[in-house]
Each structure stands twice: as structure tokens, then as C-alpha cells.
Amino acid sequence: MTDVLSRLHDVLEARKGADPESSYVASLHAKGLNKILEKVGEESVETLLAAKDAASSGDTSDLIYETADLWFHSLVMLSHLGESHEAVLDELARRFDLSGLEEKASRST
């Protein structure tokens, strides 16, 4: 998994400086953070709707597709802000030895 994320990170970084006319990622960067956040929000809603449909139909193919779009746009957002998937993976790894309740309680102090 991290190989795919690392390769995608490299592509996203390379596209930051690409011509917005020739790259979707470059066009998002050129439009700025608000446009990227709009896409993350849009993909979030589409993922939620796909999950709801999957629960009733049993077909998760749209859910997987929409989750991939959500992850992709989230990675674009991180890239735009100078972060990468590694920071997120590090945070998830940090949480392994905590219960979810402990982790949540630690945020409120």
C-alpha cells in the first residue's frame, strides 16, 4: 500500500508545477486551496451516498470507486499544504497502542 501512496505522492508533487492546461492536479493547485477543499467535500458526500447504496444493494463497487476519489483528493489537499500520506500513516501508527476512547479523550486535554 505505501508503495502506491509513495508513487502517487511523487506524481502529485511533480504535477504541482505542471501546466494547468495539461494536468488535472495542476489545475486544482492553480485554482487554490478552496477549490481543492470543495473537491474533498464533494467526494466525501459521494462516498457517503455510495456507502448508503452499498448497504442496501450489497454492491460495493461504487463505494470503492468513490473512496478512491476521496483519498485522491485528500492527498492533493495534503500535497497543496506541504504534507504527505506519510504524516497520516505516522499518526495512524501512533494510535495503535491507544483505545479509540483513550485517543479521543487525549484530544480534549
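Assorted remarks:
- Each residue of segment 76-85 was assigned a 3J(HN,Hα) from its phi angle through the Karplus expression (A = 6.51, B = -1.76, C = 1.60, θ = phi - 60°), giving 4, 4, 4, 4, 4, 9, x, 10, 9, 4 Hz with x at Gly and Pro.
- Taking all Cα pairs closer than 8 Å and separated by 6 or more residues, the relative contact order of the chain comes to 24 percent.
- Averaged over residues, the count of other Cβ atoms within 10 Å places the peptides 73-85, 49-61, 17-29 in the sequence 73-85, 17-29, 49-61, highest first.
- Between MET77 and VAL4, the contour length at 0.36 nm per residue exceeds the alpha carbon distance by 24.6 nm.
- For the chain: lysine pairs under 18 Å (alpha-carbon distance), excluding those fewer than 8 apart on one chain: 4
- Test item: Cα-centred dipole of the chain, Lys/Arg +1 and Asp/Glu -1 on Cβ, debye: 320
Every number in this text was worked out from the coordinates using simple rules, so none of it is lab data. All values derive from a computational prediction rather than experimental measurement. Glycine gets a Cβ as well: all are built from the backbone with ideal geometry, and neighbour counts include every protein chain shown.
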